[in-house]
Amino acid sequence: MKISKLNILALSLLVLAAATSCKKLSLQKDYNRTPRTVDPELHKSAGKFLTDRATGVAATNDTIFAWMLRGINYAGIDLAEYEKTGKTFVLLHNDAIRRVTKVSGNDSTQPDCFFGANMVNGKVAQKWEDYPQDFVRNSLLYLIANSVQDHYTMTLPDENYDVATMAPEGFLNTLPPGITRNVQSTGLGFIPNNNPKSLLRFRVTNSSPSNTSDYPIVLNDVRNVRTSSMLATNGSVHVIDRFLTTTLIPN
């Protein structure tokens with residue numbers, strides 16, 4: 001019993017000491033703190049980053065840009081385009097090009113990927129070669145903007161930054177014969193002559209729509225960037241995993 005009483009007495013003294021020390025602390029009034037972020041520096045060019053992660057060089061089975069590299073090769077685009085400086089490079093995750101899910105036990109290409117959004121004679125595409133070469137070429141060049149746009153350069157939230165791209169002006173006025181835009185891809189469909197200067201629109205959203213997406217960059221009013229503001233040695237890199245419409249909503 002003596003031991004038990006001593007233990008109780010010691011515990012009581014510890015609780016009292018803790019309570020006394022707490023009185024010396026001021027109540028926390030806000031959540032201000034210095035955040036720690038992932039290093040945005042890639043320490044390589046956008047082209048090297050793309051090819052490394054298209055061919056498994058970066059890590060075994062890391063081929064998230066494999067479909068994009070196939071498109072670049074089919075279109076005859078020189079990889080030197082991805083070494084040019086002062087650019088913003090939007091890279092397509094495989095899911096942005098070909099996203100297949102099971103529907104009633106069968107493979108179904110979804111309308112929110114490139115092959116599902118750009119129908120060929122009323123059917124989804126199966127490969128890049130189903131499209132005219134120039135269409136693929138200009139679609140991919142459209143994803144290279146002629147200035148650096150990221151969280152570090154776009155200082156005004158909810159402000160549209162319309163930027164010229166490597167795609168030729170007029171390319172987006174019409175679709176090639178036999179190619180139609182699946183309305184389900186974004187809900188916008190294709191509007192002829194909507195974007196005659198082949199502009200790519202960037203905006204930093206002044207909100208956090210989810211607990212995993214703080215102030216995302218939005219492209220062409222509808223597509224949230226999956227991974228943004230990665231700093232290559234020659235520009236900025238963003239990655240998207242769904243189809244990016246070329247239709248712009250009027251300001």
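The values are calculated or read from the model by the stated rules, or taken from the named source; none is laboratory data. Model, not experiment: these values are computed from the prediction. Cβ coordinates were reconstructed from backbone atoms using ideal geometry, including for glycine residues, and neighbour counts include every protein chain displayed.
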- Within region 93-127, how many residues are within 18 Å of the chain's Cα centre (by Cα) and β-branched (V, I, T)? 1
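Yes/no per residue for (1) among the β-branched types (V, I, T); (2) within 22 Å of D39 (Cβ to Cβ); (3) in contact with a Pro (Cβ under 6 Å, 6 or more places away or on another chain); (4) surrounded by 21 or more Cβ atoms within 10 Å (Cβ to Cβ):
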position: P177; (1), (2), (3), (4): no, no, no, no
position: L188; (1), (2), (3), (4): no, no, no, no
position: N193; (1), (2), (3), (4): no, no, no, no
position: S207; (1), (2), (3), (4): no, no, no, no
position: D221; (1), (2), (3), (4): no, no, no, no
position: A232; (1), (2), (3), (4): no, yes, no, yes
position: T247; (1), (2), (3), (4): yes, no, no, no
- Task: For region 230-248, indicate whether the set of residues that are within 19 Å of R137 (Cβ to Cβ) and over 19 Å from the mean Cα position of the chain (by Cα) is non-empty.
- Result: no
- Item | Selection from region 176-199 of residues that are in contact (Cβ under 8 Å) with a residue 40 or more places away in the chain and part of a loop (DSSP other than H, G, I, E, B) | P176, G178, N182, T186, L188, G189, F190, I191, N194, N195, S198
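Taking R242 as the residue in question, decide whether it is among the charged types (D, E, K, R) and in contact with a helix residue (DSSP H, G or I) (Cβ under 8 Å, 6 or more places away or on another chain).
Numbers: among the charged types (D, E, K, R): yes; in contact with a helix residue (DSSP H, G or I) (Cβ under 8 Å, 6 or more places away or on another chain): yes.
Against the criterion (among the charged types (D, E, K, R) and in contact with a helix residue (DSSP H, G or I) (Cβ under 8 Å, 6 or more places away or on another chain)), R242 qualifies.
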- Tally of residues being among the hydroxyl-bearing types (S, T, Y) and assigned to a loop (DSSP other than H, G, I, E, B) across region 95-145: 3
- Message: For the list (1) touching a helix residue (DSSP H, G or I) at 6+ places or on another chain (Cβ under 8 Å); (2) modelled with pLDDT under 95, I need the number of the one condition that R137 fails.
- Response: (2)
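Taking T155 as the residue in question, decide whether it is out of contact with any helix residue (DSSP H, G or I) (no Cβ under 9 Å at 6 or more places or on another chain), at pLDDT below 95 and of a type in the set (S, T, Y). Steps first, please.
Values: out of contact with any helix residue (DSSP H, G or I) (no Cβ under 9 Å at 6 or more places or on another chain): yes; at pLDDT below 95: yes; of a type in the set (S, T, Y): yes.
Answer is yes for this residue.
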- Just one of Q149, Q126, Q110 is crowded, with 17+ Cβ neighbours inside 10 Å and without any contact (Cβ under 8 Å) to a residue 40 or more places away in the chain; which is it? Q110
- Message: Suppose we filter L231, L244 for residues that are under 25 Å from A66 (Cα atoms), of a type outside the set (G, A, S) and part of a strand (DSSP E or B); which single one remains?
- Response: L231
- Task: Just give me the residues in region 165-194 being under 29 Å from G235 (Cα atoms) and aliphatic (A, V, I, L, M), in sequence order.
- Result: M166, A167, L172
- Query: What is the number of the single condition among (1) modelled with pLDDT under 95; (2) closer than 22 Å to G56 by Cβ that V103 does not meet?
  - Reply: (2)
- Report yes if E129 is within 22 Å of L69 (Cα to Cα) and out of contact with any Asp or Glu (no Cβ under 8 Å at 6 or more places or on another chain), otherwise no. yes
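Considering only residues that are closer than 23 Å to F89 by Cβ, touching a strand residue (DSSP E or B) at 6+ places or on another chain (Cβ under 6 Å) and among the hydroxyl-bearing types (S, T, Y), which ones fall in region 100-142?
Just the residues of region 100-142 that are closer than 23 Å to F89 by Cβ, to begin with: 112-115, 117-118, 128, 131, 133-142.
Next, only the ones that are touching a strand residue (DSSP E or B) at 6+ places or on another chain (Cβ under 6 Å) stay: 115, 118, 142.
Selection gives Y142 alone.
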- Considering region 181-215, residues that are over 22 Å from D112 (Cβ atoms) and charged (D, E, K, R), and then whichever is modelled with the lowest pLDDT, we arrive at D214
